[in-house]
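Participant: Can you keep this structure in mind? I'll have questions shortly.
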Amino acid sequence: MIKDSVGFESFSALDIRVGTVKRVEIFAEARKPAYKLWVDFGEEVGVLKSSAQITDCYNIEALIDMQVMGVVNFEPRQIANFMSECLILGIYTERGVVLIIPKTDCKNGEKLG
């Protein structure tokens with residue numbers, strides 16, 4: 001049984017959109033291995049930064065131009081010396097975090113419905 005149920009209103013408050021990773025750097029200052037990502041979420045949202053602990057499953061070259069799903073309306077969060085502006089969505093697996101990605105190319109900024 002799932003604990004801590006969330007009502008539909010809470011879920012619908014999340015603004016989850018498709019974006020394309022445009023830039024990636026190793027996040028050397030992070031406590032756990034991570035990347036700094038710059039993701040283009042389209043004209044309405046623009047490019048947002050995020051920290052992502054995805055180094056076990058992805059290298060920098062594989063991430064460039066990859067489309068990802070992200071929550072774009074979280075409050076920014078300071079992580080070491082980096083301000084994370086969105087949450088890139090992934091699944092915790094035995095081998096590391098696997099990103100949630102659209103199966104087909106989408107326009108940046110399109111919303112999860």
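The values are calculated or read from the model by the stated rules, or taken from the named source; none is laboratory data. Treat the numbers as computed from the prediction; the structure is a model and nothing was measured. Methodologically, a virtual Cβ is constructed for each residue, glycine included, from the backbone with ideal geometry; neighbour enumeration extends over all protein chains shown. The area values use the complete protein model at the heavy-atom level, side chains included, leaving out ligands, DNA and RNA. Shrake-Rupley method; radii C 1.70, N 1.55, O 1.52, S 1.80 Å.
Participant: Looking at ILE60, is it open to solvent by 20 Å² or more (accessible area, probe 1.4 Å), out of contact with any Lys or Arg (no Cβ under 8 Å at 6 or more places or on another chain) and either of a type in the set (Gly, Ala, Ser) or closer than 21 Å to ILE91 by Cβ (or both)?
Facilitator: The answer is yes for ILE60.
Participant: Now, a different point. Give the residue, chosen from GLU25, GLU43, that is closer than 22 Å to GLY109 by Cβ, acidic (Asp, Glu) and not in a helix (DSSP H, G or I).
Facilitator: GLU43
Participant: Residue by residue through the range 80-113, note down the ones that are within 12 Å of LEU37 (Cβ to Cβ), open to solvent by less than 50 Å² (accessible area, probe 1.4 Å), out of contact with any Gly (no Cβ under 7 Å at 6 or more places or on another chain) and not aromatic (Phe, Trp, Tyr).
Facilitator: Matches in the range 80-113: SER84, GLY90.
Participant: Which ones in the range 68-79 are over 10 Å from the mean Cα position of the chain (by Cα) and either open to solvent by less than 40 Å² (accessible area, probe 1.4 Å) or touching a residue at least 24 places away in the same chain (Cβ under 8 Å) (or both)?
Facilitator: Within the range 68-79, ASN73, ILE79 qualify.
Participant: Look at the range 6-22 and say how many of its residues are assigned to a strand (DSSP E or B) and open to solvent by less than 40 Å² (accessible area, probe 1.4 Å).
Facilitator: 6
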